[in-house]
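Undergrad: There's a structure below that I have some questions on.
The values are calculated or read from the model by the stated rules, or taken from the named source; none is laboratory data. Predicted model only: the values in this text are computed from it and were never measured. Counting neighbours? That spans all protein chains shown, and the Cβs are built from the backbone with ideal geometry, glycine included. What goes into the accessible areas is simple: the full protein's heavy atoms, side chains included, and nothing from ligands, DNA or RNA. Shrake-Rupley method; radii C 1.70, N 1.55, O 1.52, S 1.80 Å.
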Amino acid sequence: MSEFRKNEGMRSQIFTVDQVRIENEMTTSLIMREPLQSEPGQFLLLWLPGIGEKPFSIAGIDPLVVTIADVGKMTHEIHGLKPGDRVWVRGPLGRGYQAYGSEALLVGGGYGASPLLLLAENLISKGINVQVFLGARNKDLLILTDQFKKLPLKLHLTTNDGSAGLQGFVTVPLEAAIQELPDRNQACVYACGPKGMLLGIDALCEKYRIARQLSWEAVMRCGMGLCGNCRIELPDTWQEPADQPGSRRAWLVCRDGPTMFTQ
Amino acid sequence: MNNYPCKLFDQLTLNTPLILASGVSGNSDSLLVRAARSGAAAVTTKGFTLKYRKGADNPVSTDWGCGLITNLGLTNPGVDSMKYMLSAYVEKAGDEAVPVFANIYADTAEEFAELTRKTAALNPVLIEADLPAPDENLASEVTRAVCENAAGIPVSIKISPDCCRISRLAEAIRDGGASAITAVNPIPGMLIDAYAAKPFLSNGTGWISGPALKPIALNVIGELYQAVDLPIIGVGGVMSGLDMAEMLMAGARCVGVGSALYYEGYSAFSRIMNEFSAFMESEGYRDLDEIVGKIWWKS
Ligand SMILES: Cc1cc2nc3c(=O)[nH]c(=O)nc-3n(C[C@H](O)[C@H](O)[C@H](O)COP(=O)(O)OP(=O)(O)OC[C@H]3O[C@@H](n4cnc5c(N)ncnc54)[C@H](O)[C@@H]3O)c2cc1C
Ligand SMILES: Cc1cc2nc3c(=O)[nH]c(=O)nc-3n(C[C@H](O)[C@H](O)[C@H](O)COP(=O)(O)O)c2cc1C
Ligand code: FES
């Protein structure tokens, strides 16, 4: 019998919450029953019918994990979900991180740590040496540290108030680690977090001429390159590809990104 | 490579017949520049209204398999901001600036009159007014209101395909003084998620664009071409150079793309144009006059 397959485009798929893991007082991870194949750094759009649809990073793929900070209306609803509840997911969307070189420096600010866990596992499986730098305002806001500790990597923690790890910004231990690298041409910095942190990291990488892949955030609406809402201007250090004229000043986080690669 | 220059009116010839349709990336000067630099021969702004419109909440769009459904709720900052957007566009695009079509939307002829006066002051090469409903009387009133206030700038009226008497509508638009007709707007539709037992879009309904719209657009363009002697700006489901050739053969003078930017991104412009040129060369057509409306020619 021949099989009829209808083209469903990008319609949402249902995922069922299997476990809810509290990461800190404002962040929880939803661990689903089902997997979602994707590359580290890609994102999804999570729909709660009647409430809304918002973008989140993919923190684990088999099963799917999303790590969500309670910052507003929809994320607050998500924090009320229990095992057995269903959510609707479109994705994976966007361009993820690409493995590069032999030394990886992963930097996460706040919930920006969430895509890095999957990335770390992926890079380690490719034989790449991984160091992770997590920063937050204070100890209670650091997330996923226990998960990172289970992996064979070197973990550096920083907090603005010194309540855990080093006091200061993540760029401080990052710069020290860059200076100790055996070969900077074989290294890549991967980062996800607030804009100010990304700009700081970009400047640091420029200073030491190191490749970097930064994951940017913007307010998303369509998530499919149509509305223009998520456009951002990239730093001058980014070389606009010849086949994407005009993209530096009008880069769509949902379509061109979220990750930006500067070599 | 021949670009196939496209004469829309006496005072306006585009470098190629391929342009950016309204609504996709037309709310930002930098995105209009990106479209121009990617190969659009003219760029159309997002629909501007008299006042700021916040737009709809997410979800606002998806790809349902045979096309897109979108309802952004006409998000735009209001016509007063169009001035800044257009001057920033000209400055940022520099030598690479292409003509701008200003798309506007209002619910009534009176509102259109005021909106057109404000838009005409910005001096776009064309004012494209979006007809709120495909009704002959309304078309007549709106066209007159827009043309009387356009200060001599050519006007195109953009129509929806869900109209049973396209030729009457076209005549009303011609008699109202329009210089062109843009066809088509997306068609209303709804997507339901059975498991959620709810419509998918936050507004309930939306508009269908992309591949599903192409045969509908070709039909409307064909009827318009036969009904009136006005240039037609064809839009609806163009994804390839062949789609473009088909739309020109149905009667369009130039062709706009919107949803293709979802399916492919900005490189869609150069790919579609390369495919179109290859088609023209392989079939031995020398210029657009040899194919516009060709399916209707007797001989
Ligand atoms: C590519 C990408 C990946 C992300 N990954 C994660 C993640 O892994 N974990 C996580 O907790 N958050 C993530 N976010 C941010 C997350 O989308 C917002 O926190 C969420 O949309 C807030 O929704 P809300 O209804 O609770 O907030 P609201 O009450 O609507 O607003 C609160 C704040 O959330 C932000 N926000 C609101 N709407 C959007 C939107 N449509 N798109 C982006 N930001 C918005 C704004 O900064 C706003 O000020 C990501 C955003 C992007 C663009
Ligand atoms: C996201 C989106 C927004 C749109 N906004 C407008 C608009 O503001 N004004 C308008 O006249 N048409 C608007 N359109 C319609 C397009 O200009 C075009 O008529 C339609 O999408 C069909 O072409 P396509 O299949 O190439 O997308 C919009 C379409 C899309 C997909
Ligand atoms: S969210 Fe609409 S273009 Fe990116």
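Undergrad: Residues being of a type in the set (G, A, S) and within 17 Å of A:Y97 (Cβ to Cβ): count how many of those fall in the stretch A:56-80.
TA: Result for the stretch A:56-80: 3.
Undergrad: From B:P5, B:P17, grab the single residue that is open to solvent by less than 10 Å² (accessible area, probe 1.4 Å), farther than 30 Å from A:M220 by Cα and not aliphatic (A, V, I, L, M).
TA: The conditions single out B:P17.
This table checks each residue for (1) open to solvent by 30 Å² or more (accessible area, probe 1.4 Å); (2) at pLDDT below 95; (3) within 29 Å of A:E206 (Cβ to Cβ).
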residue: A:V107; (1), (2), (3): no, no, yes
residue: A:S114; (1), (2), (3): no, yes, yes
residue: A:I124; (1), (2), (3): yes, no, yes
residue: A:V130; (1), (2), (3): no, no, yes
residue: A:L142; (1), (2), (3): no, yes, yes
residue: A:L153; (1), (2), (3): yes, yes, yes
residue: A:L166; (1), (2), (3): yes, yes, yes
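Here is a yes/no grid of residues against (1) within 30 Å of B:Y285 (Cα to Cα); (2) charged (D, E, K, R); (3) under 15 Å from the mean Cα position of the chain (by Cα); (4) at pLDDT 95 or above:
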| site | (1), (2), (3), (4) |
| --- | --- |
| B:S140 | no, no, no, yes |
| B:T182 | yes, no, yes, yes |
| B:M190 | no, no, no, yes |
| B:A197 | no, no, no, yes |
| B:V220 | yes, no, yes, yes |
| B:E223 | yes, yes, no, yes |
| B:M239 | yes, no, yes, yes |
| B:M247 | yes, no, yes, yes |
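Undergrad: With respect to A:C227, determine if the residue is out of contact with any strand residue (DSSP E or B) (no Cβ under 6 Å at 6 or more places or on another chain), within 11 Å of chain B (Cβ to nearest Cβ) and within 24 Å of A:V89 (Cβ to Cβ).
TA: Yes; evaluated as a whole, the condition is true for this residue.
Undergrad: What tally of residues in the stretch A:207-230 results from selecting those that are more than 16 Å from ligand 1 (Cβ to nearest atom), open to solvent by 60 Å² or more (accessible area, probe 1.4 Å) and either part of a helix (DSSP H, G or I) or within 27 Å of B:A260 (Cβ to Cβ) (or both)?
TA: The number of residues fulfilling the criteria is 1.
Undergrad: Suppose we filter the stretch B:280-299 for residues that are crowded, with 17+ Cβ neighbours inside 10 Å and in contact with a helix residue (DSSP H, G or I) (Cβ under 7 Å, 6 or more places away or on another chain); how many remain?
TA: 4
One line per residue, one yes/no per condition, for (1) within 11 Å of chain A (Cβ to nearest Cβ); (2) more than 16 Å from ligand 2 (Cβ to nearest atom); (3) under 13 Å from B:D29 (Cα atoms):
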{"site": "B:D63", "(1), (2), (3)": "yes, no, no"}
{"site": "B:G67", "(1), (2), (3)": "yes, no, no"}
{"site": "B:N71", "(1), (2), (3)": "yes, no, no"}
{"site": "B:T75", "(1), (2), (3)": "yes, no, no"}
{"site": "B:M82", "(1), (2), (3)": "no, no, yes"}
{"site": "B:A109", "(1), (2), (3)": "no, yes, no"}
{"site": "B:A113", "(1), (2), (3)": "no, yes, no"}
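Undergrad: Could I ask something else about it? What strands (runs of 3 or more DSSP E) lie completely within the stretch A:1-100 and have 3 or more residues being more than 8 Å from ligand 1 (Cβ to nearest atom), more than 14 Å from chain B (Cβ to nearest Cβ) and buried (at least 18 other Cβ atoms within 10 Å of the Cβ)?
TA: Filter on the stretch A:1-100 gives A:27-32.
Undergrad: What's the number of the only condition in (1) touching an Asp or Glu at 6+ places or on another chain (Cβ under 9 Å); (2) modelled with pLDDT under 95 that A:A187 fails to meet?
TA: Among (1) touching an Asp or Glu at 6+ places or on another chain (Cβ under 9 Å); (2) modelled with pLDDT under 95, the lone unmet condition for A:A187 is (2).
Undergrad: When you scan the stretch B:169-176, do you find a residue that is open to solvent by 40 Å² or more (accessible area, probe 1.4 Å), out of contact with any His (no Cβ under 7 Å at 6 or more places or on another chain), within 14 Å of another protein chain (Cβ to nearest Cβ) and not aliphatic (A, V, I, L, M), even just one?
TA: Checking the stretch B:169-176: not a single residue is open to solvent by 40 Å² or more (accessible area, probe 1.4 Å), out of contact with any His (no Cβ under 7 Å at 6 or more places or on another chain), within 14 Å of another protein chain (Cβ to nearest Cβ) and not aliphatic (A, V, I, L, M).
Undergrad: Here is a follow-up. Against the condition within 14 Å of chain B (Cβ to nearest Cβ), surrounded by fewer than 18 Cβ atoms within 10 Å (Cβ to Cβ) and in contact with a Gly (Cβ under 9 Å, 6 or more places away or on another chain), how does A:E233 come out, does it pass?
TA: no
Undergrad: Then there is this: Among the residues of the stretch A:241-263, write down those that are part of a loop (DSSP other than H, G, I, E, B) and surrounded by 14 or more Cβ atoms within 10 Å (Cβ to Cβ).
TA: Those that are part of a loop (DSSP other than H, G, I, E, B) and surrounded by 14 or more Cβ atoms within 10 Å (Cβ to Cβ): A:Q244, A:P245, A:G246, A:S247, A:R248, A:R249, A:A250, A:V253, A:C254, A:R255, A:D256, A:G257.
Undergrad: Only one of (1) surrounded by 20 or more Cβ atoms within 10 Å (Cβ to Cβ); (2) out of contact with any Pro (no Cβ under 6 Å at 6 or more places or on another chain) fails for B:A180. Which number is that?
TA: Evaluating B:A180 over (1) surrounded by 20 or more Cβ atoms within 10 Å (Cβ to Cβ); (2) out of contact with any Pro (no Cβ under 6 Å at 6 or more places or on another chain) leaves (2) as the failure.
Undergrad: Taking the stretch B:22-40, which residues are open to solvent by less than 10 Å² (accessible area, probe 1.4 Å), more than 7 Å from chain A (Cβ to nearest Cβ) and not in a helix (DSSP H, G or I)?
TA: B:G26, B:A40
Undergrad: Would you check which residues across the stretch A:103-143 are acidic (D, E) and not in a helix (DSSP H, G or I) and list them?
TA: A:E103
Undergrad: Can you give me the ranges of the strands (runs of 3 or more DSSP E) entirely in the stretch B:202-270 with at least 1 residues that are open to solvent by 30 Å² or more (accessible area, probe 1.4 Å) and of a type outside the set (A, V, I, L, M)?
TA: The strands (runs of 3 or more DSSP E) meeting that bar are B:205-209.
Undergrad: Only one of these is under 16 Å from the mean Cα position of the chain (by Cα) and either of a type in the set (D, E) or within 16 Å of ligand 3 (Cβ to nearest atom) (or both): B:D130, B:D135. Name it.
TA: It is B:D130.
Undergrad: Against the definition (within 11 Å of another protein chain (Cβ to nearest Cβ) and not basic (K, R)), how does B:I104 come out, yes or no?
TA: When the stated conditions are applied, B:I104 does not pass them.
Undergrad: Could you list, ordered by first residue, the pairs with Cβ atoms under 8 Å in which the first is in the stretch A:93-106 and without any contact (Cβ under 8 Å) to a residue 60 or more places away in the chain and the second is more than 16 Å from ligand 1 (Cβ to nearest atom), at least 6 apart or interchain?
TA: Within 8 Å, the pairs are A:A99/A:N122; A:A99/A:L123; A:A99/A:K126; A:A99/A:I128.
Undergrad: Give just the number: which of (1) surrounded by fewer than 24 Cβ atoms within 10 Å (Cβ to Cβ); (2) within 17 Å of the chain's Cα centre (by Cα) does B:I69 not satisfy?
TA: The number of the failed condition is (1).
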